[in-house]
Every structure is written in structure tokens, then in C-alpha cells.
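The values are calculated or read from the model by the stated rules, or taken from the named source; none is laboratory data. The structure presented is a predicted model; accordingly, all values stated were derived computationally and were not measured. Note that we place each Cβ from the backbone using ideal geometry, even for glycine, and neighbour counts take in every protein chain shown.
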Amino acid sequence: METRQINCRPGEVAGRGHDLAIEVGGLHQRYGSFEAVRGISFSVRQGELFALLGTNGAGKTTTMEVLEGFAKPGDGQVRVLGLDPWRQRRALRPRMGILHQDAGFIGDLTVAETVDMWRGMSADAGRGTIDNALALVDLENKAKTKVRQLSGGQKRRLDLALAVLARPEVLFLDEPTTGMDPEARVATWRVIQSLRTEGTTVLLTTHYLEEAERLADHLAIMHEGRIHTYGTVDEVVAAAGDQVTFRLAVSAAEAKTRFPQGLPFVAGNAPLVTYAADHLQAVYTLDDGHPGDRAQAAMRTLLSWSDQSGVTLERLEVRRGTLEDVFMRVVGEVR
């Protein structure tokens, strides 16, 4: 899969749209001589969950800080709900929810006191009650517990409760499930999905690729300040290709004698072959053709070849490409 910088949503031009909650056009951001974000463009529709993925230092958090109004864009245009988050932050802030990577809680306050303090400091947060906020993230039984006694995962859930207390129109989540155990992570996914169902637009960064696959409507993968691939989850994963693998119970010397022409090409692709003492393993990557039927077509070719050759394709397996495959290919090709 060839990776390339993506400048805007396919089929759209960068610019304002009535159904767009977030618009980024040609964003550059520098810290001294270091360019953290190098001319990225994307848009997020209202009610959509958009996942921004990338390696450490890819520019994800910097992009989020500009969108949240904490940093002035170095160059380019940024709009959230049609407003400039830097110049019009006072008007925009009550309509946004933000979850940062670091909480910054006061350890000696209880969980309930923390929510109450936040309600007192935040515009429109009065719409959310303490009980409802804690119930949303399953922390009701921790209401009287001091924050410093919470686990890392519980602090992240408290962070989320504060971020959504006022039921924001746009929610920024920077690594929301870091430190959570698998059960808490799945529960948090349900909370995020319910907010999206209610119409909240969500921009999410995460290192958990399964999280992005489970939640995102669209996603982009950043690396070294640029967006290198973009699309729906299915579009991005389909570009990774399917894999067909099998073993043949022959040594390297036997394979040369029995298959002088080598293993068959499938849809124009040669296999990657590795040898052990008593067998070889073949891996075909299929990234051409329609994703819905390319694996079946490959299987017909291979089964026909095995019948004609009188061999058994041991441990025959077809595997759909994954988001991890795409991610690692982006990183590997750019370096």
C-alpha cells in the first residue's frame, strides 16, 4: 500500500460546510525550528467520531491543542463549530468538552468534591449533576474516596466525567483509556458511543488501534507531522490487503525439485516463502481487486494448484488485513 499525505476529505475541498463540526485546512505548527505539524487538512462532520492516530511525536496532541484553542495556529485555517478556537475561545469553550492526557487533580478532594468544584468553575456544567456524572463512568461507589486513592484508570474515568458534564457539542479525547484495565476500557467505549449516538462530535487520539476500529466513523494516521492515510475504517483496512498462508511438508531442496517453476502467482502476486527443516511456509498478500471477493478468488487458484500438484495446503488460513498492518506499513514506508 502506497502512503501519501492526505490534504482533505476525498470528494471535498478544504473550506466551510454546513454539516462540519471541525475544519482544518493547511495547518502548520512550529516550535522554534521544529515543525510539529506540516500542512494537514481534514474535516469532521457533526455527530461523527474521528480518530487521529499516529506514533509518539506525530503531531496529534499539537493538533488537538490548536483545535481546543490553547495554541494559535502557525499557519492555515482551523474552525470548530464554525468559530475560530483561538480568537473566539470564550464563545466556543462552553460548547466543548476536553480530556487531556494529564488530569491535574487535587489529591485531597473526594471524587464528589472534584465534580462539584468543576461544576462551579465551568460554564453550563450546572446542567449535569454529580450523581449523573459519576454514574455515567461507573464511579458512584467512589464518591467519597479521595482522588489520590484512585487507580490510574479510575482517574481517567473521572476525567471523562468532567469532560462530558455539560453534554458538549464537540468532545476532544486525548488518549482517554490509558491506564484502564480491559473491562473499564470497554465500559468507557460504551460511554463514548452513547455520547456520539446523542449527537456529540468526538475527536479521539489513541494508541489502542482496536479502540479506533471499534469506535471511529473515519480515521487518519499521522506520522512526522503529516497525514499519510485517511478514510473509513473499512476503507483503510481494505487497503492493507488480505493474507493467505499455508504450509507445505517439503524441505527447501524438495521444493526446488517438485516445484521447479516455484509456487503459483495469485492475482499477480508472488508469495513470501520461508523454510524450516521439514516444511515451507507461504504468505500471499492480496491488495488488488475487490475486497469482498479477492480472497475467494485466491483460494480457487491455490486449491486448483494443490490438486494438480498432489500436495496438501496445511494450516491453510485466510486473514483480513488489520489496522495494525496499515499503521506499521505507514511507519515503515515513511522512515
Every residue in segment 27-43 that is under 18 Å from the mean Cα position of the chain (by Cα) and not aliphatic (A, V, I, L, M), please.
Ser41, Phe42, Ser43
Considering only segment 109-129, I want to know if a residue exists there that is within 19 Å of Thr201 (Cβ to Cβ) and in contact with a strand residue (DSSP E or B) (Cβ under 8 Å, 6 or more places away or on another chain).
no
Restricting to segment 175-190, name every residue that is touching a strand residue (DSSP E or B) at 6+ places or on another chain (Cβ under 8 Å) and surrounded by fewer than 21 Cβ atoms within 10 Å (Cβ to Cβ).
Glu175
If you check Thr245 against the conditions, is it of a type in the set (S, T, N, Q) and under 30 Å from Gly310 (Cα atoms)?
yes
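Every residue, every condition in (1) within 10 Å of Phe246 (Cβ to Cβ); (2) modelled with pLDDT under 85, yes or no:
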residue	(1), (2)
Pro271	yes, no
Tyr275	no, no
Asp278	no, no
Gln281	yes, no
Gly289	no, yes
Gly292	no, yes
Ala297	no, no
Thr301	no, no
Gln308	no, no
State the number of residues belonging to segment 170-196 that are in contact (Cβ under 8 Å) with a residue 40 or more places away in the chain and either closer than 25 Å to Gly59 by Cβ or over 21 Å from the mean Cα position of the chain (by Cα) (or both).
11
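Are any of the residues in segment 295-307 acidic (Asp, Glu) and free of Cβ contacts under 8 Å to residues at least 60 places away in the same chain? Before the answer, list the steps.
Step one: list which residues in segment 295-307 are acidic (Asp, Glu), which gives 307.
Now restrict to residues that are free of Cβ contacts under 8 Å to residues at least 60 places away in the same chain: 307.
Yes, the conditions are met somewhere in segment 295-307.
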Specify the residue that is nearest to Val137 (Cα to Cα); the eligible residues are those in segment 154-168 that are part of a helix (DSSP H, G or I), in contact with a Ser or Thr (Cβ under 8 Å, 6 or more places away or on another chain) and among the charged types (D, E, K, R).
Arg157
Which pairs turn up if I take residues in segment 229-255 that are farther than 22 Å from Val266 by Cα and look for partners that are among the charged types (D, E, K, R) with beta carbon separation below 6 Å, at least 6 apart in sequence or on another chain?
Val233/Glu213
At least 1 residues that are loosely packed, with under 14 Cβ neighbours inside 10 Å and in contact with an Asp or Glu (Cβ under 8 Å, 6 or more places away or on another chain) in each: list the strands (runs of 3 or more DSSP E) lying fully within segment 215-308 that qualify.
226-232
I'd like to know if segment 75-95 contains one or more residues that are within 19 Å of Ile192 (Cα to Cα) and either without any contact (Cβ under 8 Å) to a residue 24 or more places away in the chain or part of a loop (DSSP other than H, G, I, E, B) (or both).
no
